[in-house]
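Participant: I'd like to ask you about the structure that follows.
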Amino acid sequence: MQMIIAPAKAMRVDTDSWPVASTPALNAEAATLFRSLQQLTLAEAQAVWRCSDRLAATNYARLHATHFDGPRTPAVIGYVGIQYHYMAPDLFTAPAMAYAQANLRILSGLYGVLRPLDGIVPYRLEMQSRLPDHPSLYAFWGARLHDALDWSAPVLNLASQEYAKALTPYLRPGERFIECVFGRLQGARVQVRATRAKIARGAMVRYLAERQVTTLAGVQAFDHPEYRFDPARSSDDRLVFLERT
């Protein structure tokens, strides 16, 4: 059973916590996109990133100071965000990281699909971004992200819609893409709060890695003080976890 998560916008260089163990499977394609980014003017880059003047200047300077071939940080360590904070991959045991390397995949606008210990450089490029040379990253990547995953068992979706929809057009009959929903009851409706969902997704990855979970029954047993599995609101392709009251 594999699981997918989204990247984070903020990144860091960390060559000490875990060693790089692998190269991104779609590294050649990523190099093409990286060169396209480096050819942009500051104004063009800011339009792609849709950020403030200060962030644009900082990211533009970093872009032109970065060499695509290194130094590289393991992907799961390089991203800095809420989900990654609660995943705490820098504190993984060796068995937990080995499980993550085999089963966890990070979808990326630049790199396509990443294993946790794939070496990457800092960048800023969301999947929904539009480059002058590549106005749709969804079209650029096509079916390659789907085809990079192992569909012989269910794939657990712990990513945002922006990244999950890079896979859904290419699903084939018999392939199971299981959505995990973390929310609270608002009347009869399950309301998802973005920040809390990111926290829960990070905790879920950590839980699965620590326990070496390989079945959906193991996923449903997610033991978290703030969430409980709700079988009544779940289905074959949707697992709902509700905030405890």
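The values are calculated or read from the model by the stated rules, or taken from the named source; none is laboratory data. Just so it is clear, the model here is predicted, and its values are computed rather than measured. FYI the Cβ positions are ideal-geometry reconstructions off the backbone, even for glycines, and counts take in every protein chain you see.
Participant: With the requirement that a residue be in a loop (DSSP other than H, G, I, E, B), over 20 Å from the mean Cα position of the chain (by Cα) and over 19 Å from residue 152 (Cα atoms), what does the stretch 182-217 give you? Even if it seems obvious, please write down each step before you answer.
Facilitator: Within the stretch 182-217, the first condition is being in a loop (DSSP other than H, G, I, E, B), and the residues that meet it are 187-188, 192-193, 212-215.
Within this subset, residues satisfying the condition of being over 20 Å from the mean Cα position of the chain (by Cα) are 187-188, 215.
If the condition is that a residue be in a loop (DSSP other than H, G, I, E, B), over 20 Å from the mean Cα position of the chain (by Cα) and over 19 Å from residue 152 (Cα atoms), then 187, 188 are the ones that fit.
Participant: For residue 200, all conditions in the list (1) in contact with a Leu (Cβ under 8 Å, 6 or more places away or on another chain); (2) closer than 22 Å to residue 107 by Cβ; (3) among the small types (Gly, Ala, Ser) hold save one; what is the number of the exception?
Facilitator: It fails just one condition, (1).
Participant: Hey, residue 51 hits all of (1) over 17 Å from residue 120 (Cα atoms); (2) out of contact with any Asp or Glu (no Cβ under 9 Å at 6 or more places or on another chain); (3) part of a helix (DSSP H, G or I); (4) of a type outside the set (Asp, Glu) but one; which does it fall short on?
Facilitator: (3)
Participant: Can you go through 108, 22, 17 and tell me which one is modelled with pLDDT under 95 and closer than 30 Å to residue 219 by Cβ? Explain how you work it out, then say what you get.
Facilitator: Numbers: 108 fails: modelled with pLDDT under 95; 22 fails: modelled with pLDDT under 95.
On inspection, the qualifying residue turns out to be 17.
Residue-by-condition table, conditions (1) of a type outside the set (D, E, K, R); (2) over 19 Å from residue 147 (Cα atoms); (3) touching a helix residue (DSSP H, G or I) at 6+ places or on another chain (Cβ under 7 Å):
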| residue | (1), (2), (3) |
| --- | --- |
| 70 | yes, yes, no |
| 95 | yes, yes, no |
| 107 | yes, no, yes |
| 121 | yes, yes, no |
| 124 | no, yes, yes |
| 137 | yes, no, no |
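Participant: Can I ask one more? In the set 227, 207, which member is without any contact (Cβ under 8 Å) to a residue 24 or more places away in the chain, of a type in the set (Ser, Thr, Tyr) and either buried (at least 18 other Cβ atoms within 10 Å of the Cβ) or closer than 21 Å to residue 90 by Cβ (or both)?
Facilitator: Values: 227 fails: without any contact (Cβ under 8 Å) to a residue 24 or more places away in the chain.
Exactly one residue qualifies, and that residue is 207.
Participant: Moving on. From 221, 217, 197, 188, which residue is crowded, with 18+ Cβ neighbours inside 10 Å and either among the hydrophobic types (A, V, I, L, M, F, W, C) or at pLDDT 95 or above (or both)?
Facilitator: Values: 221 fails: crowded, with 18+ Cβ neighbours inside 10 Å; 217 fails: crowded, with 18+ Cβ neighbours inside 10 Å; 188 fails: crowded, with 18+ Cβ neighbours inside 10 Å.
Matching residue, one of 221, 217, 197, 188: 197.
Participant: Out of the residues in the stretch 27-49 that are touching a Ser or Thr at 6+ places or on another chain (Cβ under 9 Å) and closer than 23 Å to residue 114 by Cβ, which is surrounded by the fewest Cβ atoms within 10 Å (Cβ to Cβ)? Don't jump to the end; show me each part of the working.
Facilitator: Initial filter on the stretch 27-49 (touching a Ser or Thr at 6+ places or on another chain (Cβ under 9 Å)): 30, 34, 38, 46, 48-49.
Next cut, closer than 23 Å to residue 114 by Cβ only: 30, 34, 38, 48-49.
Numbers: 30: 22, 34: 19, 38: 13, 48: 19, 49: 20.
Once the filter is applied, the top-ranked residue is 38.
Table: residues versus (1) under 16 Å from the mean Cα position of the chain (by Cα); (2) within 20 Å of residue 109 (Cα to Cα); (3) at pLDDT 95 or above.
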| position | (1), (2), (3) |
| --- | --- |
| 79 | yes, yes, yes |
| 84 | yes, yes, yes |
| 89 | yes, no, yes |
| 92 | no, no, yes |
| 98 | no, no, yes |
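Participant: Would you say residue 62 is of a type in the set (Lys, Arg), in contact (Cβ under 8 Å) with a residue 12 or more places away in the chain, assigned to a helix (DSSP H, G or I) and farther than 25 Å from residue 144 by Cβ?
Facilitator: Values: of a type in the set (Lys, Arg): yes; in contact (Cβ under 8 Å) with a residue 12 or more places away in the chain: yes; assigned to a helix (DSSP H, G or I): yes; farther than 25 Å from residue 144 by Cβ: yes.
Considered against the rule, which asks whether it is of a type in the set (Lys, Arg), in contact (Cβ under 8 Å) with a residue 12 or more places away in the chain, assigned to a helix (DSSP H, G or I) and farther than 25 Å from residue 144 by Cβ, residue 62 comes out as yes.
Participant: Something else about it: If you scan the stretch 13-49, which residues turn out to be of a type in the set (D, E, K, R) and farther than 28 Å from residue 155 by Cα?
Facilitator: 14, 16, 35, 44, listed by residue number.
Participant: Within the stretch 230-239, restricting attention to residues that are touching a residue at least 60 places away in the same chain (Cβ under 8 Å) and assigned to a strand (DSSP E or B), which residue is surrounded by the fewest Cβ atoms within 10 Å (Cβ to Cβ)?
Facilitator: So the residue we want is 238.
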